[in-house]
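The block underneath contains the structure these notes are about, expressed in structure tokens.
The values are calculated or read from the model by the stated rules, or taken from the named source; none is laboratory data. All figures in this text were calculated on a predicted structure; none of them were measured in a lab. Cβ atoms come from the backbone with ideal geometry, glycine included; neighbour counts cover every protein chain shown. SASA here: full protein model, heavy atoms, side chains in, ligands and nucleic acids out. Shrake-Rupley method; radii C 1.70, N 1.55, O 1.52, S 1.80 Å.
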Amino acid sequence: MKPILEIRNLNSFYHQGGGAFSKKRTVQVLKNVNVTLGQGEVLGLVGESGSGKSTLAKSILGMTEYQGEIVHHSRRPQMVFQDPYSSLNPAFSIRRIVEEPLRIFGKYPAAEIRRRAEEMLCDVGLDPEFHDRKPGQLSGGQRQALTLLMATLVTPKLLLLDEHTAALDPATAEKVLELTKSIVAEKKITCLMVTHNMHQALELGNRTLMMDSGRIVFDVKGEERSRMTVDDLLEKFRENAGKNLDNDRILLSKVEK
């Protein structure tokens with residue numbers, strides 16, 4: 001399988017404190033992480049808050065400092081964040097938000113740009129009644145649908161999803177996840193999804209990674225993964241991390257399905 005991304009001996013740190021009465025303290029987040037993503041793999045990355053999931057995704061995107069190697073075998077990946085406002089121009093209508101990159105990339109003749117933008121919006125569930133609205137006038141799920149559309153407008157080789165359903169109610173989160181699956185499958189995108197939801201980590205795609213204290217403690221795919229339940233995943237975490245996973249947010253996801 002052709003690699004899309006190779007991560008070698010990745011370490012990252014941040015500095016804490018450093019005021020008038022205290023010295024700065026260096027905290028290590030990622031600890032010698034090694035992982036390769038193959039073309040066509042769709043991964044769910046799960047772990048407790050502070051385990052390093054989002055830091056790993058942001059390091060891949062080049063948003064944090066790190067030591068080690070991150071080798072991209074494709075153009076820069078796209079990322080969808082938990083907060084959709086971070087990548088949407090609040091002053092534009094959602095139609096214009098889609099039209100602008102179509103103009104810039106010259107993907108369609110000028111006369112067809114408006115029609116094509118409207119078709120794309122409808123494809124992700126944003127009907128014509130919403131096309132003149134600005135991002136702030138949409139629901140959280142609608143904004144994430146728009147953000148997914150924008151991140152995949154020019155098909156990326158690698159798509160990173162950083163807890164992109166975490167701020168949504170369960171029904172809306174399920175709709176956004178189904179839309180995600182559809183886009184990733186249709187465009188054959190290699191994808192890494194950071195999630196706290198155990199079901200999502202097992203249901204999305206074909207590979208699951210678990211992190212603890214800055215390390216990858218479990219990596220499963222193929223037939224073994226297809227047979228796993230959430231309880232199996234929790235047991236593997238206990239075996240490999242040497243402790244029980246007792247994060248309430250993750251454990252509550254056991255009954256979200």
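Considering A145, A185, A167, which residue is more than 20 Å from L5 (Cβ to Cβ), out of contact with any Lys or Arg (no Cβ under 9 Å at 6 or more places or on another chain) and either open to solvent by 10 Å² or more (accessible area, probe 1.4 Å) or aliphatic (A, V, I, L, M) (or both)? Steps first, please.
On the way: A145 fails: out of contact with any Lys or Arg (no Cβ under 9 Å at 6 or more places or on another chain); A185 fails: more than 20 Å from L5 (Cβ to Cβ).
Answer to the selection: A167.
Of these, L126, L177, which one is under 23 Å from G47 (Cα atoms) and hydrophobic (A, V, I, L, M, F, W, C)? Working first, answer last.
Values: L126 fails: under 23 Å from G47 (Cα atoms).
Only one candidate qualifies: L177.
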Quiz prompt | Residues located in the stretch 126-136, provided they are modelled with pLDDT of 95 or more, within 18 Å of T172 (Cβ to Cβ) and surrounded by 13 or more Cβ atoms within 10 Å (Cβ to Cβ) | solution = L126, F130, R133
Practice problem: Only residues in the stretch 229-243 that are on the phi < 0 side of the Ramachandran plot count as the first member; pair them with residues that are part of a loop (DSSP other than H, G, I, E, B) and open to solvent by 70 Å² or more (accessible area, probe 1.4 Å), Cβ under 8 angstrom, at least 6 apart or cross-chain, and list the lot. | Solution: L234/N244; F237/N244; R238/N244
Quiz prompt | Residues of the stretch 140-175 satisfying the condition of being under 18 Å from H199 (Cα atoms), more than 13 Å from the chain's Cα centre (by Cα) and free of Cβ contacts under 8 Å to residues at least 40 places away in the same chain | solution = L168, D169, A171, T172, A173, E174
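Give E69, E65 a once-over and let me know the one that is in a loop (DSSP other than H, G, I, E, B), among the charged types (D, E, K, R) and either open to solvent by 80 Å² or more (accessible area, probe 1.4 Å) or at pLDDT below 95 (or both).
Just a single option satisfies the conditions, and that option is E65.
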Quiz item: Which residue pairs have Cβ atoms closer than 9 Å, lie 6 or more positions apart in sequence or on different chains, and pair a first residue in the stretch 38-62 that is more than 25 Å from F13 (Cβ to Cβ) and open to solvent by less than 10 Å² (accessible area, probe 1.4 Å) with a second residue that is acidic (D, E) and not in a strand (DSSP E or B)?
Solution: G44/E203
Quiz item: Residue check, I7 against (1) open to solvent by 10 Å² or more (accessible area, probe 1.4 Å); (2) within 19 Å of L158 (Cα to Cα); (3) assigned to a strand (DSSP E or B), all met but one. Which one?
Solution: (1)
Quiz item: Given the structure, is L153 assigned to a helix (DSSP H, G or I) and aliphatic (A, V, I, L, M)?
Solution: no
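Pick from T155, T172, T208: which is open to solvent by less than 20 Å² (accessible area, probe 1.4 Å) and of a type in the set (S, T, Y)? Spell out the reasoning first.
Working: T155 fails: open to solvent by less than 20 Å² (accessible area, probe 1.4 Å); T172 fails: open to solvent by less than 20 Å² (accessible area, probe 1.4 Å).
Going through T155, T172, T208 in turn, just one is open to solvent by less than 20 Å² (accessible area, probe 1.4 Å) and of a type in the set (S, T, Y): T208.
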Quiz item: How many residues does the stretch 15-61 hold that are at pLDDT 90 or above, part of a loop (DSSP other than H, G, I, E, B) and either within 24 Å of K2 (Cα to Cα) or of a type in the set (S, T, Y) (or both)?
Solution: 4
Quiz item: Checking L102 against (1) aliphatic (A, V, I, L, M); (2) assigned to a loop (DSSP other than H, G, I, E, B); (3) over 22 Å from the mean Cα position of the chain (by Cα), which test does it fail?
Solution: (2)
